[in-house]
1. Name the residue that is surrounded by the most Cβ atoms within 10 Å (Cβ to Cβ), counting only residues in segment 211-263 that are among the hydrophobic types (A, V, I, L, M, F, W, C) and within 11 Å of V89 (Cα to Cα).
2. A137 - would you say it is among the aliphatic types (A, V, I, L, M) and under 17 Å from Y256 (Cβ atoms)?
3. Which condition does V130 not pass, out of (1) farther than 16 Å from V224 by Cα; (2) at pLDDT 90 or above; (3) buried (at least 19 other Cβ atoms within 10 Å of the Cβ), if it passes all the others?
4. State whether the residues of segment 189-209 include one that is among the polar types (S, T, N, Q), within 30 Å of P96 (Cα to Cα) and assigned to a helix (DSSP H, G or I).
5. Determine, yes or no, whether A122 is touching a Ser or Thr at 6+ places or on another chain (Cβ under 9 Å) and either modelled with pLDDT under 85 or within 25 Å of H227 (Cβ to Cβ) (or both).
6. Evaluate segment 150-159: report whether one residue or more is surrounded by fewer than 18 Cβ atoms within 10 Å (Cβ to Cβ), at pLDDT below 85 and either farther than 20 Å from T110 by Cβ or basic (K, R) (or both).
7. So A180 fits all but one of (1) of a type in the set (A, V, I, L, M); (2) loosely packed, with under 13 Cβ neighbours inside 10 Å; (3) modelled with pLDDT of 90 or more; what number is the exception?
8. Going residue by residue through segment 113-128, is there one that turns out to be outside any strand (DSSP E or B), of a type in the set (D, E, K, R), within 10 Å of the chain's Cα centre (by Cα) and farther than 30 Å from K187 by Cα?
Amino acid sequence: MKHLIDGTDGSDSWFWEDAAAPDDNLKPYWEEVDGLPNPTLEAKGGAGSGNFGHSGRAGHVGGSGAGSHVPLQGGRDMTQYQVPFGERVWDGKPLPWGDDRPDKIIVGKTGEDLAMSVLSEAMGEQFHSVNVGRNNAPVDVIGDGLAVEVKTGLATNQRDSQHWRVTLGESGKAEKAAMAQMTKQEKTAHNKWKTKEAMRRKRDFVAEASKVTGHDYTPVTVGVIMHPSLTRADVYLIEGHHEKLTWKQNTTSETYVGTFNIQGGHSD
């Protein structure tokens, strides 16, 4: 079925050629890193909250309180950003919608900006967006030995949508034309193939980043559950890249980083 889709069987070499260009804005992604951080979290809760701005800029830190240490090798203790489960944005039940529904693109961008701020604060290193000058990059954020997939969902999601999953790119004209001729079963098989291909691209990205920099990169997922006002969000850090992660199974004390206030919030 792959041969039906024009352009989907090409390599990602263009990405790495761009990255190697002296003046390319992707060059910072391949800067030398000192060691490999351990992304595993062992947070058990604690009081407090954080306050971060957009575009990777950490804002004023607020809140404090006792709690277990979050062992991020070479990083910082994030206990001050942790709150009990019942005080997080998402407590297992969907929130009601407010007057406005934020645009999906804005939600994703806000989640990515927050993830970069939180990772920078946790690791004490700078993180960069890979989604610069291109669409549908294999991963979203890179820095300090981590290749990060950022997945953001709203706390208003109903039960059947309470998950993070791999995002498939927008179908091109040739693909849409081919899918129009497919049966329901063929479309299902095709989308499964696209998902596998998306995962392959992520693995290739991690392998190439490790090769280019000379340091091993570790795949991780940052899962964000955001209030519909885009003013507050829960952040989770999960090892690996995944086709699908349900909130119920993956919003544990071991993956929980903290709950953060976001400067600006939702405005149209």
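1. V235
2. no
3. Unmet for V130, out of (1) farther than 16 Å from V224 by Cα; (2) at pLDDT 90 or above; (3) buried (at least 19 other Cβ atoms within 10 Å of the Cβ): (2).
4. no
5. So A122 does not fit the description; no.
6. The answer is no; no qualifying residue exists.
7. In the conditions (1) of a type in the set (A, V, I, L, M); (2) loosely packed, with under 13 Cβ neighbours inside 10 Å; (3) modelled with pLDDT of 90 or more, A180 misses (3) alone.
8. The answer is yes; a qualifying residue exists.
The values are calculated or read from the model by the stated rules, or taken from the named source; none is laboratory data. As the structure is a computational prediction, the values presented were derived from the model and not from experiment. We place every Cβ from the backbone using ideal geometry, glycine too, and count neighbours over all the protein chains shown.
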